[in-house]
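Student: Below: one structure in structure tokens.
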Amino acid sequence: MLSLRQCLRRQCRSHVPTHRRRHAPPTSHRPHSDAAASLEQIERTHSRLLQALERSVRKSDPSQTDIAAAKQLKSAKPVHDAWDRYQRTKNALLETIPLLQDPEMADLAASESADLITDLDHQLTHVFPAILRPPSETAHLSALIELKSGVGGSEASLFLAEMLRMYTRVAHQNAWTPTILASNDSDNGGIKDAILEVKGNGAYDALRWESGVHRVQRVPATEASGRVHTSTVAAVVLPLSDDPPSDGKDDDLFKLDDVRIEVMRARGAGGQHVNKTESAVRLTHMPTGITVSMQDERSQHQNRRRAFQVLRARLMDQKIIREQAERRATRKNLVRTADRSEKIRTYNYPQDRITDHRLGKGNMAWNDIMEGDGLMEFVQSLQDKHNVEVLEDRFADLEC
Amino acid sequence: MPLARLAARLAAAIGAQPARQELKWMKQARAADPTLPALPAMLTRRVAGEPLAYILGAQPFGPLTLRARAPVLIPRPETEDWALRLAHTLAPSPGMPARRILDLCTGSACIPLLLCALWPPGTARALAVDVAPAALALAADNARLTHTPTLAENPAANTLDVLHGDLRHPGALARALRAHGPFDVLTANPPYLSKADWAHLDPSIAALHEDPAALRGDDDDGLGLYRRIAELVALPGVLAPGGADVALEVGWTQAAAVRDMLARAAGFARVEVWADPWGRERVVVGRRRA
Ligand SMILES: C[S@@+](CC[C@H](N)C(=O)[O-])C[C@H]1O[C@@H](n2cnc3c(N)ncnc32)[C@H](O)[C@@H]1O
């Protein structure tokens, strides 16, 4: 079968008189103006995106020949390619639109114009944003999830234990490696606080959306009256780099001299005179006052490594927040930093509903999140939302 | 006895928080190694005063996990701390000629095995000496466990050999060492409890699951074996003629006396005392002339 473009070329060659169009039977659904309207519509919807892309194409104009420009050209190639492809697709559509009124070709033209519109839409919603969005600088980082039970006492501790299981499961599902670095059990079988390491590419970028206050509403097992209680668990997700733990040398994040290393308990005479496990350590980073205590391992060496890991993660987190704040100060940055005291999610057991307050819609059922893979859907939606914000930022950048 | 009662007893003996942690470590160890005794059996032994390391059969030492087996002395965190510091302080660069290391009173061989583990391949050639056959057997087991070959097995690697020797006879020991020396580094954690200490043992060691000969020093002041070490290093062929680094662990009141002994022994540029993380004077370190 001939493609429409081939038909078109033949048509040109055979000088089909244009008046034939006038004799075309009027189509009831007027595909001609429909297709034109669709094009107009998607270009209007994405007008800022189109402008932004056009601007970056112009900015990296290959007419300059110096080395800097050549370098820029290299990185600008995807922008140019995308722009060319868009223009080609659009021209094809513009050529197709008149044929919709040609009785011989209307059907073929209709299906091809629909395809072309879908393609244009895809380019605008997926290809362009991905090209314009600056790549994540934290994409390679692993994560540390620090969980602390808040209001609600033992019920909060029970929920914290469930969250820990949830994150452990999610980690396995994503081929990350979860390790509980520290945990303090409560008396009722719950956990008062915990630190979970999640190792693997992309763990931080995905899990950072978990920072904030998680609120659970349900009837505690101990509650005779059947009244629903509200408890909270605070989560802080920290970036973890795979650099060797810095317990022997300086680091780009801190100077070893600034870290006070203390052992926890008194040991009397010590040495051969006593035989007790004394592996707990506490680090204090003096410039920031950050303290980290670790005592979960029998090995002091191991506790020390982990304490340094947590210290690094907290300092890197502060650095990222600081850099975001600086960026926001130097240009009008729209991407907001998460406020960790903010309530981000409610887990309502009696109503079998889990709501993420940052996403307007799309609640999940309890088991979707606590037993299934619903969390990654939340993560994806939050990532999409973030991507839009980042893109807005980029527009603002290109416009000034 | 039910588990809860045992756990409560342990808490009464060593404190609630340490007991909770030990219980957790027992569970973890048993989960990782089903050949270990079941939890109630472990707890019963622990409540009876047996050290945790013997029950679990393992003791961490820096990045290493060593085997622990009665009655060989369980490495202490103070020793771990100074041995790590020594490893960093003396660390050779890759490709440097091998240093000969002599570890006297080696016990589990924790000190030389740590140096072997932390130094670049081929830079550590260690000899571990003890008078107790049980210690020598454990030292050899730990060498295998940490993949440290003997010199005969692989001269290109960091190596450890064990040698039976009695420090009470420095002359004979020096002769036996001749085939392995002279040494660039000497380390030792000799038994140092004094006669007075022996009369008031801390509850954590009083049940004497550990070999008394690994704890109780010679002479009333517990410094007898340091005197023998001072004699040994003065004998020709023991320390390298160009000088050696010597690190001796001491009891919390003994640093000054041992520093004087080392200072009198010729050949050190300076003699330092390093404190442990709990603030006690713990190691006397004689540094070679640069
Ligand atoms: C305190 S332990 C030290 C073990 C190990 N170096 C450590 O730091 O954990 C002392 C060791 O010295 C050994 N020892 C005692 N008297 C000795 C002697 N006269 N000659 C050689 N070794 C001796 C004991 O068998 C014991 O293994």
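The values are calculated or read from the model by the stated rules, or taken from the named source; none is laboratory data. Just so we're clear, the structure is a prediction, and the values are computed from it rather than from any experiment. Backbone-built Cβ (ideal geometry, glycine too); neighbour counts: all protein chains shown. Areas reflect the complete protein model, heavy atoms only, side chains present, ligands, DNA and RNA absent. Shrake-Rupley method; radii C 1.70, N 1.55, O 1.52, S 1.80 Å.
Student: Which fully enclosed helices (runs of 4 or more DSSP H) of segment A:100-183 have 1 or more residues being among the hydrophobic types (A, V, I, L, M, F, W, C) and outside the structural domain of A:GLU392 (by TED's automatic domain parsing)?
Tutor: Of the helices (runs of 4 or more DSSP H) lying wholly inside segment A:100-183, those with at least 1 residues that are among the hydrophobic types (A, V, I, L, M, F, W, C) and outside the structural domain of A:GLU392 (by TED's automatic domain parsing) span A:106-122, A:128-132.
Student: So B:GLY237 ticks every box in (1) touching a residue at least 60 places away in the same chain (Cβ under 8 Å); (2) within 16 Å of the ligand (Cβ to nearest atom); (3) part of a loop (DSSP other than H, G, I, E, B); (4) more than 10 Å from chain A (Cβ to nearest Cβ) but one. Which box is left unticked?
Tutor: Against the list (1) touching a residue at least 60 places away in the same chain (Cβ under 8 Å); (2) within 16 Å of the ligand (Cβ to nearest atom); (3) part of a loop (DSSP other than H, G, I, E, B); (4) more than 10 Å from chain A (Cβ to nearest Cβ), B:GLY237 comes up short only on (2).
Student: Look at B:ALA19 and say whether it is assigned to a helix (DSSP H, G or I), surrounded by fewer than 20 Cβ atoms within 10 Å (Cβ to Cβ) and away from the ligand (no atom under 14 Å from the Cβ).
Tutor: no
Student: Taking segment B:178-194, which residues are within 11 Å of the ligand (Cβ to nearest atom) and either touching a Lys or Arg at 6+ places or on another chain (Cβ under 6 Å) or open to solvent by 50 Å² or more (accessible area, probe 1.4 Å) (or both)?
Tutor: Those that are within 11 Å of the ligand (Cβ to nearest atom) and either touching a Lys or Arg at 6+ places or on another chain (Cβ under 6 Å) or open to solvent by 50 Å² or more (accessible area, probe 1.4 Å) (or both): B:PRO191, B:LEU193.
Student: Which numbered condition in (1) under 20 Å from B:ILE111 (Cα atoms); (2) more than 12 Å from chain A (Cβ to nearest Cβ) is the only one that B:ASN189 fails?
Tutor: Here B:ASN189 meets the rest and fails (2).
Student: A further question on this structure: Report the residue count in segment A:271-316 for those that are more than 30 Å from B:ALA214 (Cβ to Cβ), open to solvent by 10 Å² or more (accessible area, probe 1.4 Å) and assigned to a helix (DSSP H, G or I).
Tutor: Qualifying residue count for the region: 6.
Student: Still on this model: Quick check: anything in segment B:195-205 more than 13 Å from the ligand (Cβ to nearest atom), among the aromatic types (Phe, Trp, Tyr) and either assigned by TED's automatic domain parsing to the domain that holds B:ALA256 or more than 30 Å from B:ALA48 (Cα to Cα) (or both)?
Tutor: Scanning segment B:195-205 turns up at least one residue that is more than 13 Å from the ligand (Cβ to nearest atom), among the aromatic types (Phe, Trp, Tyr) and either assigned by TED's automatic domain parsing to the domain that holds B:ALA256 or more than 30 Å from B:ALA48 (Cα to Cα) (or both).
Student: Residues in segment B:132-142: is at least one within 14 Å of the ligand (Cβ to nearest atom), assigned to a loop (DSSP other than H, G, I, E, B) and touching a Lys or Arg at 6+ places or on another chain (Cβ under 6 Å)?
Tutor: No, segment B:132-142 contains no residue that is within 14 Å of the ligand (Cβ to nearest atom), assigned to a loop (DSSP other than H, G, I, E, B) and touching a Lys or Arg at 6+ places or on another chain (Cβ under 6 Å).
Student: Now for a separate question. For segment A:252-282, enumerate the residues that are away from chain B (no Cβ under 12 Å) and in contact (Cβ under 8 Å) with a residue 12 or more places away in the chain.
Tutor: Those that are away from chain B (no Cβ under 12 Å) and in contact (Cβ under 8 Å) with a residue 12 or more places away in the chain: A:LEU253, A:PHE254, A:ASP258, A:VAL259.
Student: Just give me the residues in segment B:207-216 being more than 9 Å from the ligand (Cβ to nearest atom) and in contact (Cβ under 8 Å) with a residue 12 or more places away in the chain, in sequence order.
Tutor: Hits for segment B:207-216 are B:ALA207, B:HIS209.
Student: Continuing with this model, one more query. What about B:LEU127, is it in the same structural domain as B:ALA213 (by TED's automatic domain parsing), within 16 Å of the ligand (Cβ to nearest atom) and either among the β-branched types (Val, Ile, Thr) or crowded, with 21+ Cβ neighbours inside 10 Å (or both)?
Tutor: Yes: the conditions hold for B:LEU127.
Student: Mind checking whether some residue in segment B:224-234 is acidic (Asp, Glu) and away from chain A (no Cβ under 14 Å)?
Tutor: Checked against the condition, which is being acidic (Asp, Glu) and away from chain A (no Cβ under 14 Å), segment B:224-234 yields at least one hit.
Student: Considering only segment B:43-124, give the helices (runs of 4 or more DSSP H) lying wholly within it that have at least 3 residues that are within 14 Å of chain A (Cβ to nearest Cβ), open to solvent by less than 40 Å² (accessible area, probe 1.4 Å) and within 14 Å of the ligand (Cβ to nearest atom).
Tutor: In segment B:43-124, the matching helices (runs of 4 or more DSSP H) lie at B:77-90, B:110-118.
Student: Here is a further query. Out of segment A:206-243, which residues are open to solvent by 20 Å² or more (accessible area, probe 1.4 Å) and not in a loop (DSSP other than H, G, I, E, B)?
Tutor: If the condition is that a residue be open to solvent by 20 Å² or more (accessible area, probe 1.4 Å) and not in a loop (DSSP other than H, G, I, E, B), then A:ARG208, A:TRP209, A:VAL213, A:ARG215, A:GLN217, A:ARG218, A:HIS229, A:THR230, A:THR232, A:ALA234, A:VAL236 are the ones that fit.
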